[in-house]
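Right, one structure below, let's go through it.
The values are calculated or read from the model by the stated rules, or taken from the named source; none is laboratory data. As the structure is a computational prediction, the values presented were derived from the model and not from experiment. FYI the Cβ positions are ideal-geometry reconstructions off the backbone, even for glycines, and counts take in every protein chain you see.
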Amino acid sequence: MLTPEQIRKYDEEGFLVIPDFVEPSACERLQQRAKELVAEFNPNGIVSVFSTHEQTRTSDDYFLESGDKIRFFFEENAFNADGSLRQSKERSINKIGHALHDLDPVFNEFSRRAEIKELVDDLGFSDPLLVQSMYIFKQPNIGGEVTCHQDGTFLFTEPLRVLGLWFALEDATIENGCLWAIPGGHKAGLKSRFVRTSTSDRLEAGYRPPETSKTHFEVFDGASWPEEKLQPLEVEKGTLIVLHPLMPHLSRENRSPKSRHAYTLHIIDSSADYSKENWLQRSAEMPLRGF
């Protein structure tokens, strides 16, 4: 699947762009299935907004308990001041997560394709487990910014054996919010971890409900990202972008009239210890599975 030159490039730059990894028909099947899932979704008064700007505040129980479920999260700018949606429900969802790959047959079939397993094998994952999946809409006009981050901040293992796979289901451009990455930025180390805050930790810190945050960032390096080194990853539909867990990357707001649908998978190696402090956890009734 991967040539020695591609593996060298991934090791050196921290990401790899593979055009035409997925055929257009497979991209369209995922888009159609996501459309059906959103049509079936009834909020029933539960409105969870996904934002990377105040993540400790916006990480509610609906979000924190989604590791073994299929749940829906709204765009930060989806609502008017009176709480009504600015656009239709279908044009207001930020993403679906985080167990599509295990709970939906269409996403399960896509996520466990033989060519994905072969690529993961080529990158040295001896016994891979699929830990997280997300369908990301990047809605027209209101698609939210995802600030610069490392996947290892949110999905930490010891040793750090995590792989991010980002599939472009539509063309991704600067105009509609493509990914940006810092080539070689993965060599600078892990800057922070996003972890669950235990009750005892909160009480020792002097916090009291309801203001208490259930998550917090452990910061190891507070220096700003060298965002002047960011490069846009403009790609066509069907492209796969492979991301090292320490690769700094972001996507900017989408103020264009075009959406930018993508599907992401995160994979860990079972030989590594998945931290119990990670925000994303599963019940014992649904253990992680491989290919």
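Those residues that are aliphatic (A, V, I, L, M) and touching an Asp or Glu at 6+ places or on another chain (Cβ under 8 Å), I need them from segment 12-41; list them, please. Quick ask: steps written out before the conclusion?
Applying the first criterion (aliphatic (A, V, I, L, M)) to segment 12-41 yields 16-18, 22, 26, 30, 34, 37-39.
Matches in segment 12-41: L37, V38, A39.
Looking only at segment 154-179, which residues are among the polar types (S, T, N, Q) and either surrounded by fewer than 21 Cβ atoms within 10 Å (Cβ to Cβ) or at pLDDT below 95 (or both)? Give the derivation first.
Residues of segment 154-179 that are among the polar types (S, T, N, Q), as a first pass: 157, 173, 176.
Matches in segment 154-179: T157, T173.
Pairs under 6 Å by beta carbon, first residue in contact (Cβ under 8 Å) with a residue 12 or more places away in the chain and more than 26 Å from K258 (Cβ to Cβ) in segment 222-248, partner part of a strand (DSSP E or B) and not β-branched (V, I, T), six or more apart or different chains?
W225/C148
Out of the residues in segment 243-263 that are surrounded by 22 or more Cβ atoms within 10 Å (Cβ to Cβ) and in a strand (DSSP E or B), state the one that is farthest from the chain's Cα centre (by Cα).
Looking at residues that are surrounded by 22 or more Cβ atoms within 10 Å (Cβ to Cβ) and in a strand (DSSP E or B), I get N254.
Conditions (1) closer than 24 Å to Y62 by Cβ; (2) at pLDDT 95 or above; (3) crowded, with 18+ Cβ neighbours inside 10 Å, marked per residue:
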| site | (1), (2), (3) |
| --- | --- |
| T3 | no, yes, no |
| I7 | no, yes, no |
| Y10 | no, yes, yes |
| E13 | no, yes, yes |
| D20 | no, yes, no |
| S25 | no, yes, no |
| K35 | yes, yes, no |
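Looking at this structure, is D82 in contact (Cβ under 8 Å) with a residue 60 or more places away in the chain and not basic (K, R)? Working first, answer last.
Working: in contact (Cβ under 8 Å) with a residue 60 or more places away in the chain: no; not basic (K, R): yes.
No; evaluated as a whole, the condition is false for this residue.
Output yes when any residue across segment 113-122 is closer than 18 Å to S275 by Cβ and assigned to a loop (DSSP other than H, G, I, E, B), and no when none is.
Scanning segment 113-122, I find no residue that is closer than 18 Å to S275 by Cβ and assigned to a loop (DSSP other than H, G, I, E, B), so the answer is no.
Going through segment 264-282 one residue at a time, which ones are assigned to a loop (DSSP other than H, G, I, E, B) and farther than 19 Å from V195 by Cβ?
Keep residues of segment 264-282 that are assigned to a loop (DSSP other than H, G, I, E, B), which gives 270-272, 275-277, 279-282.
Scanning segment 264-282 gives S270, S271.
Working only within segment 10-46, note down all residues that are under 17 Å from G164 (Cβ atoms) and either part of a loop (DSSP other than H, G, I, E, B) or among the β-branched types (V, I, T) (or both).
G14, V17, I18, F21, V22, listed by residue number.
Could you list, in sequence order, the residues of segment 103-112 that are buried (at least 17 other Cβ atoms within 10 Å of the Cβ) and not in a helix (DSSP H, G or I)?
Going residue by residue through segment 103-112, those that are buried (at least 17 other Cβ atoms within 10 Å of the Cβ) are 104, 107, 110-111.
The one that is buried (at least 17 other Cβ atoms within 10 Å of the Cβ) and not in a helix (DSSP H, G or I): D104.
Is segment 138-145 home to any residue that is part of a helix (DSSP H, G or I), in contact (Cβ under 8 Å) with a residue 24 or more places away in the chain and crowded, with 16+ Cβ neighbours inside 10 Å? Outline the logic, then answer.
Within segment 138-145, the subset part of a helix (DSSP H, G or I) is none.
No - not one qualifying residue is present in segment 138-145.
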